[in-house]
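The values are calculated or read from the model by the stated rules, or taken from the named source; none is laboratory data. Small disclaimer: the values here were computed from a predicted structure and weren't measured. We place every Cβ from the backbone using ideal geometry, glycine too, and count neighbours over all the protein chains shown. Ligands, DNA and RNA are stripped out before the accessible areas are found, and what is left, the full protein with its side chains, is counted by its heavy atoms. Shrake-Rupley method; radii C 1.70, N 1.55, O 1.52, S 1.80 Å.
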There are 2 protein chains.
Amino acid sequence: MAKKAPRNAFYAQSGGVTAVINATACGVLQEARRHPARIGKVFAGRDGIIGALTENLIDTSKESAAAIAALRYTPAGAFGSCLYKLKSFAESEAEYRRLIEVFKAHDIATFFYNGGNDSMDTANKVSRISSQLGYPITCIGIPKTVDNDLVLTDNCPGFGSVAKYVAISMREAGMDVASMARTSTKIFILEVMGRHAGWITAACGLSATTPGSAPHVLLFPEIRFDETAFLARVQRAVDRYGYCAIGVSEGLRTADGTFLSETGLTDAFGHAQLGGVAPVIANLIQQRLGHKYHWAVADYLQRSARHIASASDVEQAYAVGVAAVKFAISGKSAVMAAIKRTSTQPYRWKVEPVPLAQVANREKMMPRAFISADGFHITPACRRYLLPLIAGEDYPPYQGGLPRYVSLKNQLVPKKLYESFTIR
Amino acid sequence: MAKKAPRNAFYAQSGGVTAVINATACGVLQEARRHPARIGKVFAGRDGIIGALTENLIDTSKESAAAIAALRYTPAGAFGSCLYKLKSFAESEAEYRRLIEVFKAHDIATFFYNGGNDSMDTANKVSRISSQLGYPITCIGIPKTVDNDLVLTDNCPGFGSVAKYVAISMREAGMDVASMARTSTKIFILEVMGRHAGWITAACGLSATTPGSAPHVLLFPEIRFDETAFLARVQRAVDRYGYCAIGVSEGLRTADGTFLSETGLTDAFGHAQLGGVAPVIANLIQQRLGHKYHWAVADYLQRSARHIASASDVEQAYAVGVAAVKFAISGKSAVMAAIKRTSTQPYRWKVEPVPLAQVANREKMMPRAFISADGFHITPACRRYLLPLIAGEDYPPYQGGLPRYVSLKNQLVPKKLYESFTIR
């Protein structure tokens with residue numbers, strides 16, 4: 001009896017990339033290569049799910065073992081990612097049908113989707129719809145988001161490294177300001193990501209381990225901005241310590257729900273200046289308290305900072321990739337590879353399957369118990385939760401003073417379908 | 001014959017602090033401790049030269065050898081620094097007299113001044129004036145400035161680490177943008193320091209080692225902003241590579257000499273928004289080319305980023321501190337411990353004394369030959385100059401996921417003078 005060739009798999013990166021999403025890709029690809037009898041080729045979507053829709057499939061079998069291994073320490077999305085959401089079947093029927101058609105044409109039986117809430121929702125829908133259409137696909141979600149807002153997982157790979165980066169940056173810049181506050185800048189503001197959930201803002205707070213050390217004030221998206229209380233808090237830090245370091249979420253809102261970043265600035269033509277809550281806060285402090293300020297906006301630097309990735313984060317990012325393949329091989333589907341914390345001190349965890357339906361479209365905000373009563377800092381409980389996630393350093397290799405990150409060949413598979421597909 | 005006690009020394013940090021100015025302090029203090037017969041105590045100025053004027057002298061002999069050793073990997077100014085400039089003797093006579101009085105009261109015979117142009121000028125004046133006043137002080141300048149703008153030294157300790165940080169940040173953020181440009185951000189702008197000299201902007205360019213990699217455009221303070229040429233250059237990168245990454249100096253100016261950062265934005269009250277050339281450039285691109293953008297302002301993060309300091313920079317920062325003490329002991333005065341490059345490949349250097357008078361108040365701008373003909377990138381000559389300065393990584397120790405930086409006791413010496421001195 002002729003042995004049937006193993007069927008192929010498809011892997012796509014989705015949404016904003018991170019310092020460790022390629023570590024997950026590394027886990028998926030290395031584990032798949034360990035099971036040649038069960039998984040044939042792994043195709044990756046060029047620019048994420050768009051690559052499947054447009055039949056731009058990258059043949060990862062063309063990449064050397066060394067290149068795949070190098071993904072573990074390479075930031076950003078090695079195959080490209082996209083902000084593109086498939087809606088309901090009723091609204092996006094053509095896209096779902098196209099996806100299944102492409103999967104069929106390339107004998108793809110397994111779909112690994114590496115992303116956030118939306119991606120878990122899409123993977124769940126593909127699982128259901130593919131069965132209805134008579135071509136059942138094994139769908140495994142793999143968590144990734146710097147926002148740390150997926151439910152049913154201890155944390156989201158990508159977050160730990162941002163957390164480490166912002167905590168270190170706050171410590172270093174805080175020391176800088178403290179050195180010179182007597183004659184120079186007294187206020188330092190670091191703007192960080194996290195439009196809805198304040199996890200990254202909270203991570204800034206990890207830097208404050210000794211009395212008076214930075215940051216002195218955190219502004220969370222979960223807490224509406226109270227200007228009077230904030231200014232009093234800033235002045236108190238200046239009085240006590242000579243300076244005040246502030247971590248602020250890009251998603252900070254006023255009492256009426258407006259983003260602070262949209263309230264303050266207009267350009268020379270009178271257009272609202274988008275982005276940049278830090279300068280708004282800085283101007284407010286200068287006008288009301290008269291202190292000299294500096295501000296930084298970390299923006300993409302924070303989520304791509306592989307040079308100071310958390311070793312714990314890298315390990316978990318890799319582990320969820322490996323587990324996703326194991327789940328698929330063991331016959332599971334419509335599940336996400338979630339991290340379950342089994343102990344905090346010492347930190348212990350394992351990867352477990354959780355139903356995609358329970359993860360999709362839900363958001364994990366900071367619990368109120370993680371924010372201090374006055375709303376301006378983190379609690380010891382929050383610190384206990386966060387600390388294991390930034391543990392350890394996982395340095396990339398360097399060459400000529402710069403990190404030696406890999407670029408893949410990204411060779412496309414010849415197309416098999418007659419029709420092309422245009423992304424709206 | 002009773003042996004005379006060795007006389008004391010005074011060390012002060014001046015101006016903006018850096019990731020490695022404490023490595024210089026480490027060099028000074030460790031070398032001084034190696035010569036107990038020649039140098040008594042080393043006092044450090046609390047908040048720099050202000051500490052001398054107000055007689056707030058830190059007794060570094062109270063610090064353990066371990067604490068002093070830890071300065072090598074601790075960023076910012078361990079004793080405090082200040083932006084405070086002594087003017088000419090005619091204008092600031094009281095201050096010079098006070099300085100000498102404090103030095104006399106504490107038997108200080110040597111003055112180590114660790115700073116930029118202004119500090120070299122002050123050290124030079126103190127040398128001359130102290131002789132005129134009959135209390136000659138040995139004055140040794142030690143270079144420090146992230147701006148890299150001191151003359152007669154190959155580079156300025158502090159710069160190499162900023163250079164490494166911005167080059168790595170540009171590489172990482174550039175890869176992030178490249179991954180997602182098809183459906184998301186096409187323009188990324190990183191604003192860096194260097195108001196007059198474009199050395200830090202140039203260092204961003206080190207990241208571009210393969211065709212199409214970030215950055216695609218650099219905007220130097222030495223080159224007046226040409227909007228039309230700039231926009232054409234941005235669009236060309238988007239057409240060719242799908243995205244455009246830009247490094248811009250905070251000191252970029254329009255053709256009439258106005259800072260770009262002061263042209264664009266006003267706050268809700270109509271005040272000009274100070275700082276932030278990145279959002280001005282971003283808005284311009286969006287209005288004229290219609291591309292989605294992101295921008296980052298590294299601000300103090302870049303100059304305090306000890307977590308990714310250049311090993312070459314740390315080594316040189318330490319070496320100039322050691323050399324300063326050696327110069328003093330060997331009877332030199334009114335000199336700066338300058339770095340002399342003796343070979344580029346391999347990079348070889350030594351520390352040499354150069355007359356303070358030749359360094360004071362001069363500025364080393366980027367040579368035009370280091371900027372490409374079109375004004376938007378660096379040349380191979382610039383790359384050859386810069387690369388050795390970012391060579392090697394010198395990681396600090398970590399504890400609980402964060403760098404374990406030292407805080408000194410900073411115990412003050414009892415005051416000896418009756419009169420206090422008030423800083424203007």
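Does the stretch A:29-54 hold any residues that are away from chain B (no Cβ under 14 Å), touching a strand residue (DSSP E or B) at 6+ places or on another chain (Cβ under 9 Å) and charged (D, E, K, R), and which are they? Within the stretch A:29-54, A:Arg33, A:Lys41 meet the criteria. Scanning the stretch A:232-253 for residues that are open to solvent by less than 10 Å² (accessible area, probe 1.4 Å) and of a type in the set (S, T, N, Q) yields a single hit, A:Ser249.
Starting from residues that are of a type in the set (Ser, Thr, Tyr) and open to solvent by 20 Å² or more (accessible area, probe 1.4 Å), keep the ones in the stretch A:128-139 and report whichever is nearest to A:Gly321 (Cα to Cα).
This residue is A:Thr138.
Residue-by-condition table, conditions (1) assigned to a strand (DSSP E or B); (2) buried (at least 23 other Cβ atoms within 10 Å of the Cβ):
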| position | (1), (2) |
| --- | --- |
| B:Val280 | no, yes |
| B:Leu284 | no, no |
| B:Ala296 | yes, yes |
| B:Gln302 | no, yes |
| B:Val320 | no, yes |
| B:Lys332 | no, no |
| B:Pro346 | no, no |
| B:Met365 | no, no |
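Tell me whether the stretch B:320-334 contains one or more residues that are over 21 Å from B:Asn8 (Cα atoms) and of a type outside the set (S, T, N, Q). No; the residues of the stretch B:320-334 include none that is over 21 Å from B:Asn8 (Cα atoms) and of a type outside the set (S, T, N, Q).
Screening A:Ser372 against (1) touching a Gly at 6+ places or on another chain (Cβ under 8 Å); (2) modelled with pLDDT of 95 or more leaves a single unmet condition, (1).
Residue-level check: of (1) charged (D, E, K, R); (2) within 25 Å of B:Asn155 (Cα to Cα); (3) open to solvent by 40 Å² or more (accessible area, probe 1.4 Å), B:Glu227 misses just (2).
Going by the conditions given, is B:Ser333 in contact (Cβ under 8 Å) with a residue 60 or more places away in the chain, of a type in the set (S, T, N, Q) and more than 18 Å from B:Thr24 (Cα to Cα)? Yes: the conditions hold for B:Ser333. B:Phe159 meets all of the listed conditions (1) within 12 Å of another protein chain (Cβ to nearest Cβ); (2) open to solvent by less than 10 Å² (accessible area, probe 1.4 Å) but one, namely (1). Of all residues in the stretch A:197-246, those being touching a Ser or Thr at 6+ places or on another chain (Cβ under 9 Å) and without any contact (Cβ under 8 Å) to a residue 12 or more places away in the chain number 1.
Just need a number here: residues in the stretch B:343-377 that are more than 14 Å from chain A (Cβ to nearest Cβ) and within 23 Å of B:Ile308 (Cα to Cα).
Going residue by residue through the stretch B:343-377, those that are more than 14 Å from chain A (Cβ to nearest Cβ) are B:343, B:348-377.
Subset that is within 23 Å of B:Ile308 (Cα to Cα): B:348-349.
Total meeting the criteria: 2.
For the criterion of being among the hydrophobic types (A, V, I, L, M, F, W, C), buried (at least 17 other Cβ atoms within 10 Å of the Cβ), more than 11 Å from chain A (Cβ to nearest Cβ) and touching a residue at least 60 places away in the same chain (Cβ under 8 Å), B:Val406 fails.
Within the stretch B:361-378, identify whether any single residue is within 19 Å of B:Asn114 (Cα to Cα) and not charged (D, E, K, R), and answer yes or no. Please lay out each step first, then the result.
Going residue by residue through the stretch B:361-378, those that are within 19 Å of B:Asn114 (Cα to Cα) are B:361-364.
Now restrict to residues that are not charged (D, E, K, R): B:361.
Checked against the condition, which is being within 19 Å of B:Asn114 (Cα to Cα) and not charged (D, E, K, R), the stretch B:361-378 yields at least one hit.
Residues in the stretch A:405-424 that are within 28 Å of the chain's Cα centre (by Cα) and at pLDDT 95 or above: A:Tyr405, A:Val406, A:Ser407, A:Leu408, A:Lys409, A:Asn410, A:Gln411, A:Leu412. Filtering the stretch A:162-175 to residues that are closer than 9 Å to A:Leu389 by Cβ and of a type outside the set (D, E, K, R) leaves only A:Ala163.
Taking the criterion of being in contact (Cβ under 8 Å) with a residue 12 or more places away in the chain, β-branched (Val, Ile, Thr) and within 11 Å of another protein chain (Cβ to nearest Cβ), the residues of the stretch B:173-191 that qualify are B:Val177, B:Thr185, B:Ile189. What pairs can you find where one residue is in the stretch B:369-390 and touching a residue at least 12 places away in the same chain (Cβ under 8 Å) and on the phi > 0 side of the Ramachandran plot, the other is basic (Lys, Arg) and open to solvent by 30 Å² or more (accessible area, probe 1.4 Å), and their Cβ atoms are less than 9 Å apart, with a gap of 6+ or different chains? These pairs meet every condition: B:Gly375/B:Arg224.
Among the conditions (1) touching a Gly at 6+ places or on another chain (Cβ under 9 Å); (2) open to solvent by 10 Å² or more (accessible area, probe 1.4 Å), B:Arg171 misses just one, which is (1).
To keep it simple, each residue is scored yes or no on (1) over 30 Å from B:Ser161 (Cβ atoms); (2) more than 11 Å from chain B (Cβ to nearest Cβ); (3) at pLDDT below 95; (4) under 26 Å from the mean Cα position of the chain (by Cα).
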{"site": "A:Gly264", "(1), (2), (3), (4)": "yes, no, yes, no"}
{"site": "A:Leu274", "(1), (2), (3), (4)": "yes, no, yes, yes"}
{"site": "A:Val314", "(1), (2), (3), (4)": "no, yes, no, yes"}
{"site": "A:Val320", "(1), (2), (3), (4)": "yes, yes, no, yes"}
{"site": "A:Lys326", "(1), (2), (3), (4)": "yes, yes, no, yes"}
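Contact annotation: residue pairs with Cβ atoms under 6 Å, 6 or more positions apart or on different chains, pairing a residue in the stretch A:285-301 that is at negative phi and more than 8 Å from every other protein chain (Cβ to nearest Cβ) with a partner that is small (Gly, Ala, Ser) and open to solvent by less than 30 Å² (accessible area, probe 1.4 Å), are A:Tyr293/A:Ala282.
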